[in-house]
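*Asks:* Take this structure first; my questions come after.
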Amino acid sequence: MIKMLKEISEEPEVLRRIEKGNAETLDRLSYAVRDSGITNVIFAGRGTSDHAGIYGQYMFQIFCEMSTGLATASAVTVYGAENCYKNSLVIALSQSGYAADALEVLKAAKKCGALTASVTNDGDSPLAKEADFSLDCCAGPEFSVAATKTFTAELAIMYLLALRISGIKERGRLLCAADAVETIIKDYDAGIKALASKYKDIKDGFVLSRGITYPIALESALKIQETCYIKMKGYSVSDFYHGPLAQIESDTVTVVYAVKGKAENDGIGAADRLVSIGNRPLVVTDDFELKDRYENVMLVPDCGDEFLAPVVLATFAQLFAFHLCLARGGNPDCPRNLKKVTVTR
Ligand code: AGP
């Protein structure tokens, strides 16, 4: 079996075990954050792990009322600005745990007294050892160059940690998301394969979303770039209106995420605007009412929580990239020019 598909198929079980696997650390870390009075969180990561950090930004701002930012690692590694993480929680995300730039950020953060945490899939990795609190993806070894189940795990950890810090009860929503992910893998795979076959000859395109699903637009584009060598770019719909929209022609490939919740209307607005200028977006939604509104609609399971919809969309995006790659005659496990672990400073 192709590794990427095998690892996607493990996602429901990862989601089912992740809370238990991290319960004690989540409790200690959330207590430490509340006790310290810290109101600012910085996320450090690259590629897919960076996208999980962006999801974390939304979760921490919305649920914990904390300000958030992304670490600009070169400020530390190139310019030596080591004293810029005072009074912060710094969370380094790296499935391998070998992200050298995130490690430097973590070390700088510790030097100036910040609280530090890592999210990795290897508890013996340098990042996990350096952090004050080490959270575990509980995903089992991941071999495919395209990260899949570890992204799901990173999202779930961000979700759980933000809720813990805010004091809001989780109430089994992650288990519902696990069921929705299982449904998409088992019952939607054929539909996604057919969709991929329809789009197999594309050369470039855009993935658009807003709010909590914006990081999945970025991640979808990355998955397609690395497995299919297609020039996909993810945007927040708001940013898209500020220039990139001018590139749209009638045959430009556009994918719009519009899932139920507070940002759904922004997705619908983007799709409507694309239609109004003669474009034919693919709208990916868990809202059955949108089924006939557009020419191209992909329905995904509704997991019952808009803040976990990104987990379901991520699985859709991974399966779509996987099938697109196969339809184009590629091998998703071995993208050209890439290795599983990329170390940058
Ligand atoms: C993911 O599909 C990519 N291969 C890549 O962007 C990866 O996420 C990035 O290199 C970060 O890796 P890490 O999580 O092991 O630090």
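*Asks:* If you average over every viewing direction, what projected area does the convex hull of the Cα atoms of segment 1-98 give, in nm²?
*Replies:* 7.9 nm²
*Asks:* Test of the criteria: in segment 255-307, which GluC sites (Glu not before Pro) are in a DSSP loop and have at most 12 other Cβ atoms within 10 angstrom of their Cβ? Walk me through the intermediate numbers first.
*Replies:* Numbers: sites: E264, E289, E295, E306; in loops: E295, E306.
Passing both the DSSP loop test and the Cβ count: E295.
*Asks:* Between the alpha-carbon centers of segment 305-345 and segment 131-148, tell me the distance in whole angstrom.
*Replies:* 15 Å
*Asks:* Which trypsin sites (Lys or Arg not before Pro) in segment 274-338 sit in a loop by DSSP (not H, G, I, E or B) and have at most 10 other Cβ atoms within 10 Å of their own Cβ?
*Replies:* Those that pass, being in a loop and sparsely packed, are R336.
*Asks:* Another question, if that's okay. Please compute P(r) over all alpha-carbon pairs of segment 213-345, binned at 10 Å starting from zero, and give each bin as a whole-number percent.
*Replies:* 12, 40, 34, 13, 1
*Asks:* If one computes the Cα centroid of segment 165-234 and of segment 95-120, what distance in Å separates the two points?
*Replies:* 28 Å
*Asks:* In angstroms, what radius of gyration and Dmax does the chain have, counting Cα atoms only?
*Replies:* Final numbers for Rg and Dmax: 19.3, 56 Å.
*Asks:* Same structure again: Can you say what percent of the DSSP beta bridges in segment 62-206, counting only those with both residues inside, are antiparallel? Round to 5.
*Replies:* The antiparallel proportion sits near 0 percent.
*Asks:* Mind running the shape call on segment 3-171? Use the C-alpha gyration tensor, a ≥ b ≥ c as the square roots of the eigenvalues: rounded below 1.5 for a/c, prolate if a/b tops b/c, oblate otherwise. Working shown, then result.
*Replies:* Values: a/c = 1.83, a/b = 1.22, b/c = 1.51.
Since a/c reaches 1.5 but b/c is at least a/b, the shape of segment 3-171 is classed as oblate.
*Asks:* Still on this structure, I have one more. Among the chymotrypsin sites (Phe, Trp or Tyr not before Pro) in segment 205-250, which ones are in a DSSP loop with at most 16 other Cβ atoms within 10 Å of the Cβ? Mind listing them?
*Replies:* Y229
*Asks:* How big is Rg to Rh over segment 92-152, alpha-carbon atoms, Rh as the Kirkwood inverse-mean-distance radius?
*Replies:* My calculation of the ratio gives 0.99.
*Asks:* At 7 Å along Cα-to-Cβ for each site, give me the label-to-label distance between V275 and M1 in nm.
*Replies:* 3.9 nm
*Asks:* Give K20/K233; K86/K169; K198/K260; K129/K200 a once-over and call out the pairs whose C-alpha atoms are over 32 Å from each other.
*Replies:* Numbers: K20/K233 36 Å; K86/K169 30 Å; K198/K260 26 Å; K129/K200 43 Å.
Too far apart for the 32 Å limit: K20/K233; K129/K200.
Readers should treat all values here as calculations from the given coordinates under stated rules, not as data from a laboratory. Owing to the predicted nature of the structure, the values given are computational and were not obtained by experimental measurement. Note that each Cβ is placed from the backbone with ideal geometry, even for glycine, and that neighbours are counted across all protein chains shown.
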